[in-house]
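The values are calculated or read from the model by the stated rules, or taken from the named source; none is laboratory data. Everything numeric in this text was worked out from a predicted model, so none of it was measured. All Cβ positions, even for glycine, are placed from backbone atoms using ideal geometry, and neighbour counts span all protein chains on display. Note: accessible area is taken over every heavy atom of the protein model, side chains too, but ligands, DNA and RNA are not part of it. Shrake-Rupley method; radii C 1.70, N 1.55, O 1.52, S 1.80 Å.
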Amino acid sequence: MKFTKVCTLSDLPNDEGLKVVEGNTAVAVFKVNDEVFATQDRCSHAKWSLSEGGYLEGDVIVCSLHMGKFCARTGEVKMPPPWKPLKKYPVRVDGDDVYVAFEDGYFEKKE
């Protein structure tokens with residue numbers, strides 16, 4: 001996996017995401033307590049930016065356009081109207097630096 005440095009932990013807002021872009025891939029990075037997660041930046045329902053038009057409620061990403069909710073940890077839909085989960089991206093934290101593997105996005109498999 002190729003990880004790219006996208007920000008530092010101190011760059012991440014407490015209750016919102018941070019949009020990071022590499023090529024044509026936009027990712028929203030979220031800090032939940034001491035953990036960092038990355039998902040696709042666009043809501044799967046209405047293509048609304050989750051980093052610029054969304055916020056966190058604990059570990060739940062809320063899309064402010066239609067109030068759909070997603071789990072930041074898994075990308076799964078927690079409340080409609082979205083029905084499709086978010087793509088997740090591998091994250092690595094090294095000291096204060098946050099890295100994302102832009103080429104390795106995936107949908108978490110349900111068990």
*Can you pull out the residues in the stretch 43-89 that are part of a loop (DSSP other than H, G, I, E, B), aliphatic (A, V, I, L, M) and on the phi < 0 side of the Ramachandran plot?*
ALA46, LEU50, LEU65, ALA72, LEU86
*Could you please let me know if LYS110 is charged (D, E, K, R), farther than 12 Å from THR39 by Cα and open to solvent by less than 80 Å² (accessible area, probe 1.4 Å)?*
no
*Could you list, in sequence order, the residues of the stretch 1-22 that are surrounded by fewer than 21 Cβ atoms within 10 Å (Cβ to Cβ) and more than 13 Å from VAL100 (Cα to Cα)?*
SER10, ASP11, LEU12, PRO13, ASN14, ASP15, GLU16
*Working only within the stretch 44-94, note down all residues that are more than 21 Å from LYS31 (Cβ to Cβ), touching a strand residue (DSSP E or B) at 6+ places or on another chain (Cβ under 8 Å) and open to solvent by 50 Å² or more (accessible area, probe 1.4 Å).*
HIS45, MET67, MET79, TRP83, LYS84
*So which of ASP41, ASP34 is exposed (fewer than 13 other Cβ atoms within 10 Å of the Cβ) and of a type in the set (Asp, Glu)?*
ASP34
